[in-house]
Amino acid sequence: MRDHFRHPRHPRPLDISAPLPEVWIGRATNRMQWVAAVAGAACMALGITLAVDSAWTSGIAALLMAVIGCVAAGLLVLFGTLAFVHVEVKVDQRAMEVRCGHIGVPRRRILLAHVVGADYVAKVTPHEWGGWGYRWRPEKGKGVIVRRGEALVLRLDDGRTFTVTVDDAEFGVRVIRDRLRPPTPTGPTGA
């Protein structure tokens, strides 16, 4: 199999000699979230249809509750799922920033000064986190889980952890670990 046909979740082997970029950007996408987004849009359409075509004789209160309920549920599902269709992780010299969805919300910025370590996890599942999205589990910490697969885990100076599923997480961990090392002196050491 030629390299340019590889699936993004199965990147080529890690090249330790490759130079590290000034800014590393990793992404992950979950196309299954579009199914839930379509369900949310259908629920909103049902609410609008009820409002326009209703011939209910049971009263305006029942109609309003049905319309508002359908539209509200549809909006919650639609925007809740679209926020986690994909994630982008950006690591520069000072921080790691996680942006979700098409508008970048929710967003989390973690200064590298508060990070004590970074680890690579080969397989994370939404099931172990209680689903997709911005998650919190007492035994796992916080995380942004948009799909099953590889993830990077930051260990923070307050004892907490932050996990994010992202393609090429192993390289991202390498970049973060490099940023955490104290700078080595480059000049003469004195005499």
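The values are calculated or read from the model by the stated rules, or taken from the named source; none is laboratory data. Note that this is a predicted model, so its numbers are computed, not measured. All Cβ positions, even for glycine, are placed from backbone atoms using ideal geometry, and neighbour counts span all protein chains on display. To get the accessible areas, we keep the full protein, side chains included, count just its heavy atoms, and leave off ligands, DNA and RNA. Shrake-Rupley method; radii C 1.70, N 1.55, O 1.52, S 1.80 Å.
Of note:
- Applying 1/(1 + (r/R0)^6) with r as the Cβ-Cβ distance of Arg27 and Ala113 and R0 = 22 angstrom yields a FRET efficiency of 0.30.
- Accessible area per residue in Å² at 1.4 Å probe, computed on the stretch 55-191: 56
- With all protein chains in place and a 1.4 Å probe, the accessible surface of the stretch 64-124 carries 67 percent carbon and sulfur.
- Distance in nm between pseudo-label sites at Asp157 and Arg177 (7 Å out along the Cβ direction from Cα): 2.2
- The gain in end-to-end length when the Ala42 to Ile103 segment is fully stretched comes to 19.8 nm, 0.36 nm per residue minus the alpha carbon separation.
- From the alpha carbon centroid of the stretch 36-52 to that of the stretch 122-175 is 33 Å.
- Long-range Cα-Cα pairs in the stretch 11-153 (distance over 24 Å), rounded percent: 47
- Accessible area (Å², 1.4 Å probe, nearest 10) - His102: 120
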